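S.K.: Structure incoming, see below.
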Amino acid sequence: MTLQRQTILPQSTMKQFAEYIPIAIFAGVYFYTRDIFISTAVLMAGMLLQVIFEFATTKSVSKRTLFIFAMVVVLGGLTLAFRNEAFIQWKPTLVNWAFCIALLAGHYFSKQNFLQKILGEQIQLPSHVWKNLTLGWSLGFFIAGALNLIVAFYFSMDFWVSYKLIGGFAITLVYIIITMIYLLKGGYIEEPEATDSKSDPADVK
């Protein structure tokens, strides 16, 4: 059977990037106030606004968004209640490791590929490719969770907040690039069509 090459839609990637907006606000407030507790409260409010926005624009809220929101509320609440920043510092690790476990559990125990379930409407791939992507992203989530712990407990709060903003985004971007290269080299997706050489340059925005 010949696999038809296809382009991958950017919606999920853009959505993932948009989820960093509350984190950017959290970092901005922290470096302005130097108060992790005020920043944590702002992060909780930002996540609530994200949930409201997602529901207002799509008439639904994804389980992923709800899970992250719940983790922020629980761990952020514990941070504020006990005046202990360790709770909110654990949040990225617990979220990443939960995603890692969910991907592996779905693949090995329930025989459901969650990546395929999420992205299957955007791109059609052979089962072995979905398996490779699942294992690769599982590893990525595990590494991201482990790195967060190292940064959180062996470096300063300033460094951790900077890492939370830049490091998490960078790791996601790197894994997206690796995924795209893997799919391109395998011929499972195609690069955007080049602009026609005969087209008027004035038409190029």
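Quick note: the coordinates plus some simple rules give every number you see, no bench work behind them. What you are looking at is a predicted structure, and each value in this text was computed from that prediction instead of being measured. Cβ: placed from backbone, ideal geometry, glycine included. Neighbour counts: every protein chain shown.
S.K.: Mind counting the residues in segment 122-170 that are under 20 Å from Ile181 (Cα atoms) and either in a loop (DSSP other than H, G, I, E, B) or in contact with a Cys (Cβ under 7 Å, 6 or more places away or on another chain) (or both)?
M.R.: Here the count works out to 7.
S.K.: Residues in segment 81-93 that are on the phi < 0 side of the Ramachandran plot and either in contact (Cβ under 8 Å) with a residue 60 or more places away in the chain or surrounded by fewer than 16 Cβ atoms within 10 Å (Cβ to Cβ) (or both): how many?
M.R.: Of segment 81-93, the ones on the phi < 0 side of the Ramachandran plot are 81-82, 84-93.
If we keep only those that are either in contact (Cβ under 8 Å) with a residue 60 or more places away in the chain or surrounded by fewer than 16 Cβ atoms within 10 Å (Cβ to Cβ) (or both) as well, we get 81-82, 84-86, 89-90, 92.
Result for segment 81-93: 8.
S.K.: Now for a separate question. Out of Leu103, Leu115, Leu75, Leu135, I need the residue that is surrounded by fewer than 16 Cβ atoms within 10 Å (Cβ to Cβ) and touching a residue at least 12 places away in the same chain (Cβ under 8 Å). Which one? Quick ask: steps written out before the conclusion?
M.R.: Working: Leu103 fails: surrounded by fewer than 16 Cβ atoms within 10 Å (Cβ to Cβ); Leu115 fails: surrounded by fewer than 16 Cβ atoms within 10 Å (Cβ to Cβ); Leu75 fails: surrounded by fewer than 16 Cβ atoms within 10 Å (Cβ to Cβ).
Residue meeting the stated conditions: Leu135.
S.K.: Among the residues of segment 96-108, are any more than 20 Å from Tyr20 (Cβ to Cβ) and in contact with a Gly (Cβ under 7 Å, 6 or more places away or on another chain)?
M.R.: no
S.K.: Inspect segment 151-164 for any residue being under 14 Å from the mean Cα position of the chain (by Cα), surrounded by 13 or more Cβ atoms within 10 Å (Cβ to Cβ) and either on the phi < 0 side of the Ramachandran plot or not hydroxyl-bearing (Ser, Thr, Tyr) (or both) and give the result as yes or no.
M.R.: The first filter runs over segment 151-164 and keeps only residues under 14 Å from the mean Cα position of the chain (by Cα), leaving 164.
Okay, now just the ones that are also surrounded by 13 or more Cβ atoms within 10 Å (Cβ to Cβ), so 164.
Still in the list and also either on the phi < 0 side of the Ramachandran plot or not hydroxyl-bearing (Ser, Thr, Tyr) (or both): 164.
There is at least one residue in segment 151-164 that is under 14 Å from the mean Cα position of the chain (by Cα), surrounded by 13 or more Cβ atoms within 10 Å (Cβ to Cβ) and either on the phi < 0 side of the Ramachandran plot or not hydroxyl-bearing (Ser, Thr, Tyr) (or both).
S.K.: Which pairs have Cβ atoms under 7 Å, sit 6 or more apart or on different chains, and link a residue in segment 169-189 that is in contact (Cβ under 8 Å) with a residue 12 or more places away in the chain to one that is surrounded by 15 or more Cβ atoms within 10 Å (Cβ to Cβ) and in a loop (DSSP other than H, G, I, E, B)?
M.R.: That search, which allows pairs on different chains as well, returns Phe169/Tyr20; Tyr188/Leu125; Ile189/Ile8; Ile189/Ile123.
S.K.: Related question: Exactly one condition in (1) within 23 Å of Ile52 (Cα to Cα); (2) under 15 Å from the mean Cα position of the chain (by Cα) is not met by Leu103; state its number.
M.R.: Here Leu103 meets the rest and fails (1).
S.K.: Is one or more of the residues making up segment 38-50 on the phi < 0 side of the Ramachandran plot and not in a helix (DSSP H, G or I)? Break it down stepwise before answering.
M.R.: Within segment 38-50, the first condition is being on the phi < 0 side of the Ramachandran plot, and the residues that meet it are 38-50.
Remaining after also requiring not in a helix (DSSP H, G or I): none.
Taking every residue of segment 38-50 in turn, none turns out to be on the phi < 0 side of the Ramachandran plot and not in a helix (DSSP H, G or I).
S.K.: Here's another thing I want to ask about it. Go through segment 118-129 and give me each residue that's surrounded by fewer than 19 Cβ atoms within 10 Å (Cβ to Cβ) and either among the basic types (Lys, Arg) or more than 15 Å from Arg64 (Cα to Cα) (or both). Spell out the reasoning first.
M.R.: Of segment 118-129, the ones surrounded by fewer than 19 Cβ atoms within 10 Å (Cβ to Cβ) are 118-124, 126-129.
Within segment 118-129, Gly120, Glu121, Gln122, Ile123, Gln124, Pro126, Ser127, His128, Val129 qualify.
Each row is one residue, and each column tells you yes or no for (1) closer than 30 Å to Gly77 by Cβ; (2) among the polar types (S, T, N, Q).
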residue: Ala98; (1), (2): yes, no
residue: Leu104; (1), (2): yes, no
residue: Phe109; (1), (2): no, no
residue: Phe114; (1), (2): yes, no
residue: Leu119; (1), (2): no, no
residue: Gln122; (1), (2): no, yes
residue: Lys131; (1), (2): no, no
residue: Trp137; (1), (2): yes, no
